[in-house]
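One structure is given below, encoded as structure tokens.
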Amino acid sequence: MPEPEKYPLNPGQLPGGALLHAFGALGGAVLAGIESSRYETATNEFTTAIKPTRPAIAQHWNESLLLSLQSKGYQAMLVPELPMKKDAQETDCASIAGKYDAVMVSSISSGYAVSDAVQPVSYAKVKMLSSDCGETYFSDAFSYSTKPMPRTTHSQSDARFNFPSRELLLSNPELAKEAMRTGVGTVARQAAAL
């Protein structure tokens, strides 16, 4: 899995945003545009602040998941990223078909979200597939956050990684990096426990 280009910072709901829904579909469309712009701006600010720390989130995920699987007795190894099929949103396993008993594919996200405070959020979706990727053995999602996410196996985030404001988060990228790596490591251990 390659390193994400951006690290998300969800700025939370716009105060008074619900009022735009009173104007029906047009109000909802305006609100969606505003929220998208706010999310993009916050994510760009956070990415700019944290990139110099070299978070290596993907590398940490790959290593944590591999070590967690091996500690459970699995003979696991990393393979180069597999391409996606052109006609679908499915992994193309043609290059490795039949070489392994199974293939685990995953996607991750790690960043922050504004809620009661500015809190870390890490999320991973993991699928275990047959060696040709034709059959799904299991598919699950895992989260590390303050509040549980729907349809995920949840781990409570550590409150020491919370910030009282977005400005304080942006001014302390080393602690934010530690929080993101902690979250990714935690969800990797959750995934390996299945």
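Could you check segment 120-144 and list, in sequence order, the residues that are more than 11 Å from the chain's Cα centre (by Cα) and more than 14 Å from L65 (Cα to Cα)?
L129, S130, S131, D132, C133, G134, E135, T136, Y137, F138, S139, D140
Counting only residues that are within 18 Å of the chain's Cα centre (by Cα) and of a type in the set (S, T, N, Q), which one in segment 165-188 is farthest from T153 (Cα to Cα)?
Going through the qualifying residues, I end up with T182.
Among the strands (runs of 3 or more DSSP E) contained in segment 81-194, which hold 2 or more residues that are open to solvent by 60 Å² or more (accessible area, probe 1.4 Å) and hydroxyl-bearing (S, T, Y)? Give the derivation first.
Details: elements: 102-114, 118-130, 136-145, 153-156.
Answer list for segment 81-194: 136-145.
Using the structure shown, decide if E45 is at pLDDT below 85 and open to solvent by 50 Å² or more (accessible area, probe 1.4 Å). So that I can check it myself, show each step before the final result.
Details: at pLDDT below 85: no; open to solvent by 50 Å² or more (accessible area, probe 1.4 Å): yes.
So E45 fails the test.
Applying the selection to segment 1-31, what residues are modelled with pLDDT under 50, open to solvent by 60 Å² or more (accessible area, probe 1.4 Å) and not in a loop (DSSP other than H, G, I, E, B)? I'd like the intermediate steps shown before the answer.
Of all residues in segment 1-31, those modelled with pLDDT under 50 come to 14-31.
From what's left, open to solvent by 60 Å² or more (accessible area, probe 1.4 Å): 15, 18-19, 21-23, 25-26, 29-30.
Scanning segment 1-31 gives A18, L19, H21, A22, F23, A25, L26, A29, V30.
Looking at H60 and the list (1) exposed (fewer than 15 other Cβ atoms within 10 Å of the Cβ); (2) under 22 Å from S109 (Cβ atoms); (3) modelled with pLDDT of 80 or more, which single condition is not satisfied?
It is condition (1) that H60 fails.
Can you name the number of the only condition in (1) of a type in the set (V, I, T); (2) at pLDDT below 95; (3) under 18 Å from the mean Cα position of the chain (by Cα) that T91 fails?
Among (1) of a type in the set (V, I, T); (2) at pLDDT below 95; (3) under 18 Å from the mean Cα position of the chain (by Cα), the lone unmet condition for T91 is (3).
Of all the residues that make up segment 55-91, how many are closer than 30 Å to P11 by Cα and in contact (Cβ under 8 Å) with a residue 12 or more places away in the chain?
10
So S37 fits all but one of (1) exposed (fewer than 13 other Cβ atoms within 10 Å of the Cβ); (2) assigned to a helix (DSSP H, G or I); (3) at pLDDT 85 or above; what number is the exception?
Only one criterion is unmet by S37, namely (3).
The values are calculated or read from the model by the stated rules, or taken from the named source; none is laboratory data. Fair warning: this is a prediction, and the values are worked out from it, not measured in the lab. Note that we place each Cβ from the backbone using ideal geometry, even for glycine, and neighbour counts take in every protein chain shown. Protein only, heavy atoms only, side chains kept; ligands, DNA and RNA dropped before computing areas. Shrake-Rupley method; radii C 1.70, N 1.55, O 1.52, S 1.80 Å.
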